[in-house]
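Presented below is the structure to which this report refers.
The values are calculated or read from the model by the stated rules, or taken from the named source; none is laboratory data. None of the values given here were measured: they were computed from a predicted structure. All Cβ positions, even for glycine, are placed from backbone atoms using ideal geometry, and neighbour counts span all protein chains on display.
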DNA sequence: AGTTATAGTTAGGAAACCTAACTATATTTG
DNA sequence: CAAATATAGTTAGGTTTCCTAACTATAACT
């Protein structure tokens, strides 16, 4: 009989189920923080995410389709929110001559200012990390990276821009190597959202 | 100038910001999995959470107010969802003689069966952990526990039933100790959702 | 040139959330 | 003990989230 990670008896035997439950609690924290930040600025959670994302990512990614797969939503949902942001004057749509079906999202001056403010919402997660030792942090990070990679391979998270899924990444005798920068990468240098990322096998 | 964890340059310097971004990705995975599971059973995400929670927690916690603070929602929101679950025949409200204002939620036979099924939704998070070493898992867990405790202290997550916030917990010369069971606790024995939990200072 | 794929929008609907105002019981306290 | 206050839950009304399905318009095959 298979057991759920939420089963107390199972939790007492299994460290894995404790980890999953912990991660679930932290997800809850994200949800709460995002919601709170949204309300404070009269935005919706998804609008907050879009503003932050657009503030930190390149033109190619600042399109309806990219945003949709980034946040695992439909294009219709994203389209609505983008329209709302446009009406509020935080973004502007810019047609490109190459493909007139699509457009790139640009933050207006007000949008960029707002984005800077709201992107601090995750700070509350940042502070609790300060008391962990360096080794703890390193182990924590590599474990999380491994998890994320597997979640992406399993098709649960659609998009990522981490080294493991990048065409420039190579494992050389158990060491990480980036073929774009031509340098070895320490565990802590592995990126989770690399601007130069190119998906493997494209 | 303070920087956001979503800032790429900042990420390259700071391991903490990478961890936060990773956690954010994992939260996304939870959101997606919960949504998917909901749709498959014609439930809403919050209904799924309520069913699972009620399946694994004691009577005192199976009340509107508890659920509301557990999930950081208002009572109104929870009340609505519980009503829906009742109409679908998965739960039943049971008045207690001690306090007739309130009632306890009981799963019906169908509700319990459904709860068992849907509580496996987190399994996709469980499997990616299998390749981690024991030491990695232990470090991961204690880091997460520490984070959660601080998030609760900071008032971001309202409720938890972990050892650190329990009146029976004691730190004896840097070792963990449970005064209810009268036993020392290894790092891996620390609980994240203990049925015997009693909030400190009550 | 005609089919097919892709980018984004619109419309309609269920549900997730909230706030505010409400009922009904419990508890406190003057 | 009666009056004031607190607590448990509901209802009403609103905005936003998200979906699916049908649509327009452009781009890219064949």
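List of remarks:
- Of note, residue A:139 does not satisfy the criterion of being within 25 Å of residue B:28 (Cβ to Cβ), away from every other protein chain (no Cβ under 14 Å) and in contact with a helix residue (DSSP H, G or I) (Cβ under 6 Å, 6 or more places away or on another chain).
- Residue B:133 being over 20 Å from residue A:7 (Cβ atoms) and in contact (Cβ under 8 Å) with a residue 24 or more places away in the chain: no
Quick grid of which residues meet (1) within 13 Å of chain B (Cβ to nearest Cβ); (2) buried (at least 20 other Cβ atoms within 10 Å of the Cβ); (3) over 28 Å from residue B:36 (Cα atoms):
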residue: A:2; (1), (2), (3): yes, no, no
residue: A:14; (1), (2), (3): yes, no, no
residue: A:21; (1), (2), (3): yes, yes, no
residue: A:48; (1), (2), (3): yes, yes, no
residue: A:51; (1), (2), (3): yes, yes, no
residue: A:75; (1), (2), (3): no, no, no
residue: A:89; (1), (2), (3): no, no, yes
residue: A:92; (1), (2), (3): no, no, yes
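- A residue that is crowded, with 16+ Cβ neighbours inside 10 Å and closer than 30 Å to residue A:145 by Cβ cannot be found anywhere in region B:96-116.
- Helices (runs of 4 or more DSSP H) fully within region A:4-108 that include at least 2 residues being out of contact with any strand residue (DSSP E or B) (no Cβ under 7 Å at 6 or more places or on another chain) and within 16 Å of DNA strand D (Cβ to nearest atom): A:15-40, A:45-56, A:64-70, A:75-87.
- Contacts under 9 angstrom Cβ, first residue in region A:6-33 being in contact (Cβ under 8 Å) with a residue 24 or more places away in the chain, partner buried (at least 19 other Cβ atoms within 10 Å of the Cβ) and not in a helix (DSSP H, G or I), 6 or more apart: A:26/B:157; A:29/B:156; A:29/B:157; A:33/B:156
- Annotation: residue B:10 fulfils all but one of (1) under 19 Å from residue A:160 (Cβ atoms); (2) facing chain A (nearest Cβ under 8 Å); (3) in contact with a helix residue (DSSP H, G or I) (Cβ under 7 Å, 6 or more places away or on another chain); the unmet one is (2).
- Checked against the criteria, residue A:115 counts as part of a helix (DSSP H, G or I) and in contact with a strand residue (DSSP E or B) (Cβ under 7 Å, 6 or more places away or on another chain).
- From the options B:180, B:125, B:141, residue that is closer than 17 Å to residue A:6 by Cβ and at pLDDT 90 or above: B:141
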